[in-house]
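Here's the structure we're looking at; comments come further down.
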Amino acid sequence: MRQPSHMTDRFSLETANNMLPLVRRIVGDILEQYREWQQAVHAFEAAAALPDSDAAVVSEAQRKAQLLAREIQGFLSELGDLGVEFKGFELGLVDFPGEVDGRLIHWCWQYGEGGVRHWHDRDAGFASRQPVETLTSHTTHSR
């Protein structure tokens, strides 16, 4: 089993944006596999619900759903190893733990956005995110 690299406990805005190409690829893979997993689960449930369902068909549908789930878990582990937090399959949200003037925050990115351009307090969520411009410019650099 791989040990987490946790390249940093806290990301600067610059570091988060520099890591974004890799994170974007992994999140894209997660979202693609998640859609396939949902379809596979639906196919399994539909096959299992038939009164005269073929056990081999049901078993194969279940195997496919489980395989996709394991692949998704692998991608989630990759993000965890990088030190970022995946927050949602529907929107593809990722939080990069950060700190600004001693305040613990998350740099917040959503799949499809060009860069990390938002933040929120660690105890808040997506609904509380704000543009990085709301922080003073000297606080967005590494410590």
Legend entry - Residue of His118, His106, His42 that the Gaussian network model of the chain assigns the largest fluctuation, springs spanning Cα pairs under 10 Å: His42
Legend entry - Gly98 long-range amide H proximity, modeled H, under 5 Å: Phe11, Ile105, His106, Trp107
Legend entry - Distant-in-sequence amide H partners of Leu93 (H built 1.01 Å from N, under 5 Å): Lys87, Gly88, Tyr111
Legend entry - Area of Lys64 that stays accessible when all protein chains are in place (1.4 Å probe, Å², to 10): 110 Å²
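For n ≥ 4 DSSP H runs only, could you compute -39500 (n - 2.57) per run for the chain, divide by its residues and tell me the 222 nm figure to the nearest 500?
On the way: 2 runs with 65 residues, N = 143.
Dividing the helical sum by the residues of the chain leaves -16500 deg cm²/dmol.
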Inset, instruction - For the chain, with a Gaussian network of springs between Cα atoms less than 10 Å apart, report the residue from Trp109, Trp119, Trp37 with the top mean-square fluctuation. - result: Trp37
Legend entry - Residue-span extension gain [Glu99 to Val57] - 0.36 nm each, minus C-alpha spacing: 10.0 nm
Legend entry - Acute angle (nearest 10 degrees) that the helix 55-82 long axis makes with the longest principal axis of the chain, alpha-carbon atoms: 10 degrees
Legend entry - Residue-count net charge about Phe96 - beta-carbon cut-off 9 Å; Lys, Arg +1, Asp, Glu -1: -1
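Can you give the Rg to Rh ratio for the chain, taking only C-alpha atoms and Rh from Kirkwood? Mind dumping the intermediate values first?
On the way: Rg = 19.0 Å, Rh = 16.8 Å.
In the chain, Rg relative to Rh is 1.13.
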Legend entry - For Gly83, distant residues with modelled amide H under 5 Å away: His6
Inset, instruction - For helix 13-49, report the angle its Cα long axis makes with the longest principal axis of the Cα atoms of the chain; keep it between 0 and 90° and round to the nearest 10°. - result: 20 degrees
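The values are calculated or read from the model by the stated rules, or taken from the named source; none is laboratory data. Please read these numbers as outputs of a predicted model, since none were measured by experiment. Every residue, glycine among them, receives a Cβ derived from its backbone with ideal geometry; neighbour counts consider all protein chains shown. When the accessible area is computed, the model is the full protein with side chains, heavy atoms only, and any ligands, DNA or RNA have been set aside. Shrake-Rupley method; radii C 1.70, N 1.55, O 1.52, S 1.80 Å.
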